[in-house]
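Worksheet: one structure, shown below.
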(Lines give C-alpha, C1' and ligand atoms only; values in the text may rest on other atoms or scores of the structure.)
Protein backbone atom coordinates (compact mmCIF):
# COMPACT_ATOMS: atom_id res chain seq x y z
CA UNK A 1 0.00 0.00 0.00
CA UNK A 2 1.59 3.30 -1.12
CA UNK A 3 1.32 6.50 0.89
CA UNK A 4 -1.51 7.95 -1.21
CA UNK A 5 -3.57 4.78 -0.72
CA UNK A 6 -2.95 5.00 3.01
CA UNK A 7 -4.30 8.56 3.11
CA UNK A 8 -7.52 7.40 1.45
CA UNK A 9 -7.85 4.29 3.61
CA UNK A 10 -9.71 3.71 6.90
CA UNK A 11 -6.66 4.27 9.11
CA UNK A 12 -8.23 7.05 11.20
CA UNK A 13 -11.42 5.10 11.90
CA UNK A 14 -9.40 2.00 12.73
CA UNK A 15 -7.20 4.07 15.04
CA UNK A 16 -10.24 5.23 17.04
CA UNK A 17 -11.75 1.74 17.22
CA UNK A 18 -8.47 0.07 18.13
CA UNK A 19 -7.68 2.74 20.71
CA UNK A 20 -10.82 1.71 22.57
CA UNK A 21 -10.17 -2.00 21.99
CA UNK A 22 -6.59 -1.78 23.27
CA UNK A 23 -7.90 0.17 26.25
CA UNK A 24 -10.34 -2.63 27.03
CA UNK A 25 -7.61 -5.22 26.41
CA UNK A 26 -5.25 -3.33 28.71
CA UNK A 27 -7.89 -3.33 31.45
CA UNK A 28 -8.56 -7.05 30.93
CA UNK A 29 -4.88 -8.03 31.00
CA UNK A 30 -3.97 -6.00 34.08
CA UNK A 31 -7.07 -6.27 36.27
CA UNK A 32 -6.34 -9.87 37.32
CA UNK A 33 -2.72 -9.16 38.29
CA UNK A 34 -3.31 -7.76 41.82
CA UNK A 35 -4.96 -10.94 43.08
CA UNK A 36 -3.28 -13.75 41.14
CA UNK A 37 -1.15 -14.65 44.16
CA UNK A 38 -4.27 -14.57 46.35
CA UNK A 39 -5.99 -16.85 43.88
CA UNK A 40 -3.02 -19.23 44.08
CA UNK A 41 -3.10 -19.27 47.88
CA UNK A 42 -6.80 -20.14 47.84
CA UNK A 43 -6.09 -23.40 45.99
CA UNK A 44 -4.38 -25.23 48.82
CA UNK A 45 -2.83 -25.09 52.27
CA UNK A 46 0.48 -23.69 51.05
CA UNK A 47 3.36 -22.24 53.05
CA UNK A 48 4.55 -18.69 52.35
CA UNK A 49 7.49 -20.05 50.33
CA UNK A 50 5.20 -22.31 48.27
CA UNK A 51 2.82 -19.44 47.48
CA UNK A 52 5.78 -17.35 46.33
CA UNK A 53 7.12 -20.10 44.07
CA UNK A 54 3.73 -21.01 42.61
CA UNK A 55 2.86 -17.36 42.04
CA UNK A 56 6.14 -16.89 40.19
CA UNK A 57 5.33 -19.86 37.96
CA UNK A 58 1.84 -18.51 37.29
CA UNK A 59 3.19 -15.06 36.37
CA UNK A 60 6.11 -16.37 34.32
CA UNK A 61 4.25 -19.02 32.29
CA UNK A 62 2.48 -16.38 30.22
CA UNK A 63 5.60 -14.31 29.46
CA UNK A 64 7.71 -17.35 28.54
CA UNK A 65 5.16 -18.69 26.04
CA UNK A 66 4.59 -15.23 24.55
CA UNK A 67 8.32 -14.86 23.91
CA UNK A 68 8.38 -18.19 22.03
CA UNK A 69 5.23 -18.04 19.91
CA UNK A 70 4.93 -14.34 19.04
CA UNK A 71 7.23 -14.41 15.97
CA UNK A 72 5.27 -17.37 14.58
CA UNK A 73 1.98 -15.46 14.87
CA UNK A 74 3.63 -12.37 13.39
CA UNK A 75 4.80 -14.27 10.33
CA UNK A 76 1.28 -15.65 9.85
CA UNK A 77 -0.20 -12.16 10.25
CA UNK A 78 1.98 -10.80 7.43
CA UNK A 79 0.76 -13.64 5.19
CA UNK A 80 -2.94 -13.79 6.16
CA UNK A 81 -3.70 -10.32 7.55
CA UNK A 82 -3.60 -8.52 10.87
CA UNK A 83 -7.35 -8.42 11.48
CA UNK A 84 -7.60 -12.20 11.70
CA UNK A 85 -4.85 -12.09 14.35
CA UNK A 86 -6.90 -9.57 16.33
CA UNK A 87 -9.85 -11.97 16.22
CA UNK A 88 -7.67 -14.95 17.15
CA UNK A 89 -6.11 -13.16 20.12
CA UNK A 90 -9.27 -11.59 21.55
CA UNK A 91 -11.47 -14.69 21.25
CA UNK A 92 -8.76 -17.06 22.47
CA UNK A 93 -7.99 -14.87 25.47
CA UNK A 94 -11.69 -14.45 26.27
CA UNK A 95 -12.13 -18.21 26.46
CA UNK A 96 -8.87 -18.85 28.34
CA UNK A 97 -9.46 -16.23 31.02
CA UNK A 98 -13.02 -17.42 31.55
CA UNK A 99 -11.72 -20.97 32.06
CA UNK A 100 -9.28 -19.68 34.68
CA UNK A 101 -12.28 -18.86 36.83
CA UNK A 102 -13.16 -22.58 36.90
CA UNK A 103 -9.81 -24.14 37.89
CA UNK A 104 -9.20 -25.45 41.41
CA UNK A 105 -5.62 -26.66 41.02
CA UNK A 106 -2.51 -24.47 40.89
CA UNK A 107 -0.93 -26.56 38.11
CA UNK A 108 -4.06 -26.16 35.99
CA UNK A 109 -3.76 -22.42 36.55
CA UNK A 110 -0.13 -22.52 35.38
CA UNK A 111 -1.28 -24.46 32.31
CA UNK A 112 -4.04 -21.95 31.56
CA UNK A 113 -1.58 -19.07 31.90
CA UNK A 114 0.66 -20.83 29.40
CA UNK A 115 -2.27 -21.25 27.01
CA UNK A 116 -3.08 -17.58 27.55
CA UNK A 117 0.41 -16.82 26.25
CA UNK A 118 -0.33 -18.78 23.09
CA UNK A 119 -3.29 -16.53 22.35
CA UNK A 120 -1.53 -13.29 23.31
CA UNK A 121 -0.78 -10.60 20.77
CA UNK A 122 -3.81 -8.35 20.47
CA UNK A 123 -2.00 -5.10 21.23
CA UNK A 124 1.07 -5.65 18.98
CA UNK A 125 -1.17 -6.77 16.10
CA UNK A 126 -3.29 -3.65 16.57
CA UNK A 127 -0.06 -1.64 16.41
CA UNK A 128 1.06 -3.51 13.30
CA UNK A 129 -2.29 -2.92 11.56
CA UNK A 130 -2.18 0.82 12.28
CA UNK A 131 1.51 1.00 11.28
CA UNK A 132 0.72 -0.68 7.93
CA UNK A 133 -2.22 1.66 7.17
CA UNK A 134 -1.21 5.08 8.49
CA UNK A 135 0.33 7.71 6.18
CA UNK A 136 4.06 7.85 6.81
CA UNK A 137 4.08 11.44 7.98
CA UNK A 138 1.58 10.57 10.73
CA UNK A 139 2.88 7.17 11.80
CA UNK A 140 4.68 8.37 14.93
CA UNK A 141 1.67 10.31 16.14
CA UNK A 142 -0.74 7.44 15.39
CA UNK A 143 1.36 4.79 17.14
CA UNK A 144 1.91 7.07 20.14
CA UNK A 145 -1.82 7.73 20.38
CA UNK A 146 -2.60 4.02 20.12
CA UNK A 147 -0.10 3.31 22.90
CA UNK A 148 -2.06 5.55 25.27
CA UNK A 149 -5.06 3.22 24.88
CA UNK A 150 -3.33 0.15 26.28
CA UNK A 151 -1.37 2.26 28.79
CA UNK A 152 -4.48 3.87 30.25
CA UNK A 153 -6.23 0.49 30.31
CA UNK A 154 -3.36 -1.12 32.18
CA UNK A 155 -3.32 1.86 34.52
CA UNK A 156 -6.98 1.49 35.47
CA UNK A 157 -7.05 -2.32 35.29
CA UNK A 158 -5.67 -3.10 38.77
CA UNK A 159 -8.09 -0.60 40.35
CA UNK A 160 -11.07 -2.07 38.48
CA UNK A 161 -9.93 -5.63 39.15
CA UNK A 162 -9.46 -5.00 42.85
CA UNK A 163 -12.92 -3.44 43.11
CA UNK A 164 -14.56 -6.32 41.20
CA UNK A 165 -12.81 -8.92 43.35
CA UNK A 166 -13.95 -7.09 46.47
CA UNK A 167 -17.58 -6.69 45.37
CA UNK A 168 -17.98 -10.10 43.71
CA UNK A 169 -15.15 -12.64 43.99
CA UNK A 170 -11.87 -13.49 42.31
CA UNK A 171 -13.51 -16.22 40.22
CA UNK A 172 -16.29 -13.94 39.01
CA UNK A 173 -13.68 -11.34 38.02
CA UNK A 174 -12.13 -13.85 35.61
CA UNK A 175 -15.53 -14.28 33.94
CA UNK A 176 -16.00 -10.50 33.69
CA UNK A 177 -12.50 -10.17 32.21
CA UNK A 178 -13.32 -12.83 29.62
CA UNK A 179 -16.47 -10.89 28.77
CA UNK A 180 -14.49 -7.69 28.23
CA UNK A 181 -12.21 -9.48 25.80
CA UNK A 182 -15.21 -10.89 23.96
CA UNK A 183 -16.37 -7.28 23.49
CA UNK A 184 -13.04 -6.49 21.83
CA UNK A 185 -13.54 -9.55 19.59
CA UNK A 186 -16.93 -8.26 18.42
CA UNK A 187 -15.65 -4.71 17.86
CA UNK A 188 -12.65 -6.04 15.92
CA UNK A 189 -14.90 -8.27 13.84
CA UNK A 190 -17.48 -5.65 12.85
CA UNK A 191 -15.72 -2.27 13.09
CA UNK A 192 -12.09 -2.80 12.05
CA UNK A 193 -11.54 -2.65 8.29
CA UNK A 194 -8.54 -4.15 6.54
CA UNK A 195 -8.03 -4.42 2.81
CA UNK A 196 -5.23 -6.92 3.16
CA UNK A 197 -3.13 -7.73 0.11
CA UNK A 198 -0.59 -10.45 0.94
CA UNK A 199 2.86 -9.95 -0.50
CA UNK A 200 4.02 -13.35 -1.66
CA UNK A 201 7.07 -12.30 -3.66
CA UNK A 202 9.60 -9.54 -3.59
CA UNK A 203 11.01 -7.51 -6.43
CA UNK A 204 13.27 -10.42 -7.38
CA UNK A 205 10.29 -12.76 -7.73
CA UNK A 206 11.11 -14.70 -4.59
CA UNK A 207 8.99 -15.02 -1.48
CA UNK A 208 10.09 -12.69 1.33
CA UNK A 209 12.52 -14.24 3.79
CA UNK A 210 11.23 -14.12 7.37
CA UNK A 211 14.54 -13.67 9.08
CA UNK A 212 15.93 -10.74 11.06
CA UNK A 213 19.29 -11.16 9.35
CA UNK A 214 17.64 -10.95 5.93
CA UNK A 215 16.49 -7.37 6.60
CA UNK A 216 18.39 -4.62 4.75
CA UNK A 217 18.77 -2.76 8.06
CA UNK A 218 19.04 -5.81 10.31
CA UNK A 219 21.62 -4.30 12.69
CA UNK A 220 19.35 -1.36 13.54
CA UNK A 221 16.28 -3.59 13.96
CA UNK A 222 18.11 -6.00 16.28
CA UNK A 223 19.42 -3.10 18.38
CA UNK A 224 15.89 -1.69 18.64
CA UNK A 225 14.54 -5.09 19.77
CA UNK A 226 17.28 -5.33 22.40
CA UNK A 227 16.31 -1.81 23.47
CA UNK A 228 12.71 -2.93 23.98
CA UNK A 229 13.96 -5.71 26.27
CA UNK A 230 16.16 -3.36 28.31
CA UNK A 231 13.50 -0.65 28.71
CA UNK A 232 10.90 -3.22 29.78
CA UNK A 233 13.41 -4.91 32.09
CA UNK A 234 14.10 -1.58 33.79
CA UNK A 235 10.41 -0.75 34.16
CA UNK A 236 9.33 -4.15 35.47
CA UNK A 237 12.25 -4.46 37.90
CA UNK A 238 10.59 -1.68 39.87
CA UNK A 239 7.15 -3.33 40.06
CA UNK A 240 7.86 -5.98 42.75
CA UNK A 241 9.35 -3.49 45.21
CA UNK A 242 7.54 -0.18 44.65
CA UNK A 243 4.92 -0.74 47.36
CA UNK A 244 7.61 -1.93 49.79
CA UNK A 245 9.71 1.15 49.01
CA UNK A 246 6.66 3.35 49.64
CA UNK A 247 6.10 1.58 52.95
CA UNK A 248 9.70 2.25 53.94
CA UNK A 249 9.54 5.93 52.96
CA UNK A 250 6.30 6.32 54.97
CA UNK A 251 8.00 4.73 58.00
CA UNK A 252 5.43 1.89 58.02
CA UNK A 253 2.56 4.18 59.02
CA UNK A 254 -0.40 5.79 57.25
CA UNK A 255 -2.50 4.76 54.19
CA UNK A 256 0.34 2.80 52.60
CA UNK A 257 -1.73 0.80 50.08
CA UNK A 258 -3.55 3.89 48.82
CA UNK A 259 -0.33 5.88 48.42
CA UNK A 260 1.42 2.92 46.76
CA UNK A 261 -1.45 2.64 44.27
CA UNK A 262 -1.21 6.35 43.45
CA UNK A 263 2.58 6.17 43.05
CA UNK A 264 2.22 3.15 40.75
CA UNK A 265 -0.39 4.96 38.62
CA UNK A 266 1.53 8.23 38.14
CA UNK A 267 3.74 7.08 35.20
CA UNK A 268 0.65 5.99 33.27
CA UNK A 269 -1.03 9.35 33.74
CA UNK A 270 1.90 11.37 32.38
CA UNK A 271 2.42 8.80 29.60
CA UNK A 272 -1.10 9.38 28.31
CA UNK A 273 -0.44 13.12 28.14
CA UNK A 274 3.11 13.03 26.77
CA UNK A 275 3.13 10.16 24.25
CA UNK A 276 0.96 11.71 21.47
CA UNK A 277 2.81 15.03 21.70
CA UNK A 278 6.21 13.37 21.54
CA UNK A 279 4.99 11.25 18.62
CA UNK A 280 3.95 14.35 16.66
CA UNK A 281 7.30 15.99 17.42
CA UNK A 282 9.08 12.85 16.20
CA UNK A 283 7.13 12.90 12.93
CA UNK A 284 8.34 16.45 12.28
CA UNK A 285 11.89 16.38 13.62
CA UNK A 286 12.94 12.71 13.68
CA UNK A 287 11.85 9.75 15.78
CA UNK A 288 15.46 8.93 16.65
CA UNK A 289 15.92 12.30 18.34
CA UNK A 290 12.85 11.71 20.51
CA UNK A 291 14.12 8.22 21.39
CA UNK A 292 17.51 9.54 22.50
CA UNK A 293 15.79 12.23 24.57
CA UNK A 294 13.74 9.49 26.23
CA UNK A 295 16.86 7.60 27.31
CA UNK A 296 18.62 10.67 28.68
CA UNK A 297 15.51 11.86 30.50
CA UNK A 298 14.78 8.39 31.94
CA UNK A 299 18.34 8.03 33.23
CA UNK A 300 18.13 11.42 34.93
CA UNK A 301 14.76 10.59 36.47
CA UNK A 302 15.63 7.07 37.71
CA UNK A 303 18.83 7.94 39.60
CA UNK A 304 17.20 10.33 42.13
CA UNK A 305 14.52 7.75 42.98
CA UNK A 306 17.19 5.63 44.64
CA UNK A 307 18.49 8.56 46.68
CA UNK A 308 15.42 10.37 47.99
CA UNK A 309 13.92 10.16 51.46
CA UNK A 310 10.55 11.77 50.74
CA UNK A 311 7.37 10.20 49.35
CA UNK A 312 6.38 13.39 47.48
CA UNK A 313 9.72 13.52 45.66
CA UNK A 314 9.27 9.86 44.69
CA UNK A 315 5.83 10.72 43.31
CA UNK A 316 7.27 13.54 41.19
CA UNK A 317 10.02 11.39 39.69
CA UNK A 318 7.60 8.50 39.02
CA UNK A 319 5.36 10.98 37.19
CA UNK A 320 8.32 12.02 35.06
CA UNK A 321 9.08 8.38 34.18
CA UNK A 322 5.78 8.31 32.27
CA UNK A 323 7.16 11.07 30.02
CA UNK A 324 10.26 9.04 29.21
CA UNK A 325 8.14 5.93 28.56
CA UNK A 326 6.09 8.02 26.11
CA UNK A 327 9.30 8.70 24.21
CA UNK A 328 10.80 5.20 24.38
CA UNK A 329 8.30 2.46 23.49
CA UNK A 330 6.32 4.33 20.77
CA UNK A 331 9.45 5.66 19.08
CA UNK A 332 11.12 2.24 19.09
CA UNK A 333 8.00 0.92 17.34
CA UNK A 334 7.97 3.86 14.93
CA UNK A 335 11.62 3.34 13.99
CA UNK A 336 10.97 -0.37 13.44
CA UNK A 337 8.05 0.57 11.16
CA UNK A 338 10.05 3.14 9.20
CA UNK A 339 13.07 0.89 8.71
CA UNK A 340 11.47 -2.42 7.73
CA UNK A 341 9.57 -3.78 4.71
CA UNK A 342 5.80 -3.37 4.94
CA UNK A 343 5.29 -7.11 4.31
CA UNK A 344 7.15 -7.88 7.56
CA UNK A 345 5.44 -5.38 9.86
CA UNK A 346 3.53 -7.90 11.97
CA UNK A 347 6.51 -10.26 12.07
CA UNK A 348 8.76 -7.56 13.50
CA UNK A 349 6.13 -6.24 15.90
CA UNK A 350 5.71 -9.78 17.19
CA UNK A 351 9.45 -10.05 17.71
CA UNK A 352 9.18 -6.78 19.59
CA UNK A 353 6.49 -8.38 21.78
CA UNK A 354 8.78 -11.36 22.41
CA UNK A 355 11.60 -9.14 23.59
CA UNK A 356 9.17 -7.17 25.74
CA UNK A 357 7.91 -10.40 27.32
CA UNK A 358 11.50 -11.47 28.04
CA UNK A 359 12.12 -8.06 29.60
CA UNK A 360 9.08 -8.56 31.84
CA UNK A 361 10.20 -12.00 32.91
CA UNK A 362 13.84 -11.10 33.60
CA UNK A 363 12.89 -7.71 35.08
CA UNK A 364 10.72 -9.20 37.81
CA UNK A 365 13.50 -11.66 38.68
CA UNK A 366 16.20 -8.98 38.61
CA UNK A 367 14.24 -6.54 40.76
CA UNK A 368 13.61 -9.13 43.44
CA UNK A 369 17.21 -10.34 43.40
CA UNK A 370 18.76 -6.85 43.65
CA UNK A 371 16.35 -5.76 46.39
CA UNK A 372 17.10 -8.93 48.35
CA UNK A 373 20.86 -8.70 47.94
CA UNK A 374 21.15 -4.93 48.54
CA UNK A 375 18.17 -2.63 49.18
CA UNK A 376 15.10 -1.21 47.45
CA UNK A 377 16.83 1.99 46.33
CA UNK A 378 19.49 -0.03 44.49
CA UNK A 379 16.83 -1.26 42.04
CA UNK A 380 16.18 2.31 40.81
CA UNK A 381 19.90 3.04 40.45
CA UNK A 382 20.33 -0.24 38.53
CA UNK A 383 17.48 0.71 36.19
CA UNK A 384 19.18 4.06 35.51
CA UNK A 385 22.47 2.30 34.73
CA UNK A 386 20.74 -0.14 32.37
CA UNK A 387 19.06 2.66 30.43
CA UNK A 388 22.30 4.63 30.21
CA UNK A 389 24.09 1.56 28.84
CA UNK A 390 21.24 1.15 26.33
CA UNK A 391 21.70 4.79 25.31
CA UNK A 392 25.42 4.18 24.68
CA UNK A 393 24.62 1.04 22.66
CA UNK A 394 22.31 3.00 20.35
CA UNK A 395 24.54 6.07 20.21
CA UNK A 396 27.58 4.13 19.02
CA UNK A 397 25.90 1.07 17.49
CA UNK A 398 23.20 2.86 15.48
CA UNK A 399 24.40 6.44 14.84
CA UNK A 400 21.88 6.76 12.00
CA UNK A 401 18.97 7.24 14.43
CA UNK A 402 20.34 10.69 15.29
CA UNK A 403 19.45 11.87 11.79
CA UNK A 404 15.87 12.38 10.62
CA UNK A 405 16.79 11.37 7.06
CA UNK A 406 16.60 7.71 8.19
CA UNK A 407 12.99 8.10 9.36
CA UNK A 408 11.68 6.79 6.06
CA UNK A 409 9.50 3.80 5.35
CA UNK A 410 11.00 1.06 3.23
CA UNK A 411 9.03 -0.07 0.22
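The values are calculated or read from the model by the stated rules, or taken from the named source; none is laboratory data. Because the structure is a prediction, the values reported are computed rather than measured. Here the Cβ is made from the backbone with ideal geometry for all residues, glycine too, and neighbour counts use every protein chain on show.
Structure above, values below:
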| item | result |
| --- | --- |
| Some residue of the stretch 379-386 being over 19 Å from the mean Cα position of the chain (by Cα), closer than 17 Å to residue 230 by Cβ, surrounded by fewer than 16 Cβ atoms within 10 Å (Cβ to Cβ) and in the same structural domain as residue 266 (by TED's automatic domain parsing) | yes |
| Odd one out for residue 350 among (1) over 27 Å from residue 251 (Cβ atoms); (2) surrounded by fewer than 22 Cβ atoms within 10 Å (Cβ to Cβ) | (2) |
| Meets criteria (closer than 18 Å to residue 150 by Cβ and either buried (at least 24 other Cβ atoms within 10 Å of the Cβ) or assigned by TED's automatic domain parsing to the domain that holds residue 264 (or both)) for residue 308 | no |
| Residue match in the stretch 38-57 (condition: part of a helix (DSSP H, G or I), closer than 16 Å to residue 350 by Cα and in contact (Cβ under 8 Å) with a residue 24 or more places away in the chain) | no |
| Any hit, the stretch 67-74, residues being more than 20 Å from the chain's Cα centre (by Cα), surrounded by 20 or more Cβ atoms within 10 Å (Cβ to Cβ), assigned by TED's automatic domain parsing to the domain that holds residue 115 and in a helix (DSSP H, G or I) | no |
| Matching option when the condition is touching a helix residue (DSSP H, G or I) at 6+ places or on another chain (Cβ under 7 Å) and free of Cβ contacts under 8 Å to residues at least 24 places away in the same chain, among 388, 317, 396, 380 | 317 |
